[in-house]
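Below is one structure, written out as structure tokens; comments come after it.
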Amino acid sequence: MPEDPIHHPAARYRRVLLKLSGEALMGDQGHGLDPKIVTRIAREVKSVHGLGVQVCLVIGGGNIFRGLAGAAQGMERATADYMGMLATVINSLAVQSALERQGVVTRVLSAISMQAVCEPYIRRRAIRHMEKGRVVIFGAGTGNPFFTTDTAAALRASEMDCDALLKATKVDGVYSADPHKDPTAERYERLSYLDVLSRDLEVMDAAAISLARENNIPILVFSIHSDGGFADVVTGQGRFTIITE
């Protein structure tokens with residue numbers, strides 16, 4: 001059994017949750033999974049795990065199926081959301097496979113029971129896996145329709161008693177507008193939860209921000225496209241926006 005590696009003194013956090021969008025896994029393909037991107041993300045997770053940090057992940061499903069898009073096309077919203085949850089399990093299994101090829105023992109725990117491919121989500125079991133030095137990936141969101149994987153990330157970070165929730169995005173922090181579309185967009189170094197809610201900054205949905213605020217979990221927003229970015233944030237380096245009280 002792999003035991004928790006020695007905690008590196010440079011690491012600021014003991015246990016973190018990484019929230020990845022499904023889109024982060026598809027690269028330039030426009031749909032599905034890009035094996036090179038999945039492998040690179042697995043290396044990012046491995047480097048943080050190697051610092052002795054306990055790591056868990058929540059991965060979106062937008063590269064395969066997005067519930068809101070299905071609902072917009074006339075599908076019943078609950079059904080569309082369940083389909084989106086199944087997409088997150090596909091992504092979770094792909095990242096698990098990539099991590100285990102890197103030598104990192106990984107468990108997928110799903111909020112929807114599907115024991116042929118992964119374990120059911122049980123809070124104490126998930127904590128025990130991390131204490132044993134395994135990476136844990138939470139699939140199927142919260143297991144309930146009408147909730148996003150952002151909210152699932154805030155929920156699991158709260159249940160796991162994580163020290164921080166790291167939100168991986170396409171840009172190196174939170175901006176006042178999309179910097180790819182608006183060159184005058186202002187970048188923020190630090191924000192409060194209420195700033196994000198009152199300015200309607202599109203970091204995570206309001207339910208996720210409120211949940212993180214209630215449980216005093218800082219949210220760190222950084223770019224997944226910079227090599228070593230995940231480890232840099234965990235050690236307090238690199239570029240990121242921190243959202244706290």
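Just a few scattered comments:
- Any chance Ile41 is assigned to a helix (DSSP H, G or I), crowded, with 20+ Cβ neighbours inside 10 Å and either in contact with a Cys (Cβ under 7 Å, 6 or more places away or on another chain) or of a type outside the set (Asp, Glu) (or both): yes
- Unmet criterion (only one of (1) part of a helix (DSSP H, G or I); (2) touching a helix residue (DSSP H, G or I) at 6+ places or on another chain (Cβ under 6 Å); (3) not charged (D, E, K, R)) for Leu33: (1)
- Remark: pairs (first residue in segment 137-151, closer than 16 Å to Arg77 by Cβ and touching a residue at least 24 places away in the same chain (Cβ under 8 Å); second residue of a type in the set (Ser, Thr, Tyr) and surrounded by 24 or more Cβ atoms within 10 Å (Cβ to Cβ); Cβ separation under 9 Å; 6+ apart in sequence or on different chains) = Gly141/Thr88; Gly141/Thr149; Thr142/Thr149; Gly143/Ser110; Thr149/Thr88.
- Residues of segment 160-177 satisfying the condition of being surrounded by fewer than 18 Cβ atoms within 10 Å (Cβ to Cβ) and either at pLDDT 95 or above or within 20 Å of Thr142 (Cβ to Cβ) (or both): Asp161
- All told, Asp161 meets the bar of being in contact (Cβ under 8 Å) with a residue 60 or more places away in the chain and either of a type in the set (A, V, I, L, M) or assigned to a loop (DSSP other than H, G, I, E, B) (or both).
A quick yes/no check of all residues on (1) at pLDDT below 95; (2) in contact with a Gly (Cβ under 7 Å, 6 or more places away or on another chain); (3) within 20 Å of Cys118 (Cα to Cα):
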residue: His49; (1), (2), (3): no, no, no
residue: Gly52; (1), (2), (3): no, no, no
residue: Val55; (1), (2), (3): no, no, yes
residue: Ile59; (1), (2), (3): no, yes, yes
residue: Ala71; (1), (2), (3): yes, no, no
residue: Gly74; (1), (2), (3): yes, no, no
residue: Tyr82; (1), (2), (3): no, no, yes
residue: Met85; (1), (2), (3): no, yes, yes
residue: Thr88; (1), (2), (3): no, yes, yes
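The values are calculated or read from the model by the stated rules, or taken from the named source; none is laboratory data. All values derive from a computational prediction rather than experimental measurement. Glycine also receives a Cβ, built like all others from the backbone with ideal geometry; neighbour counts cover every protein chain displayed.
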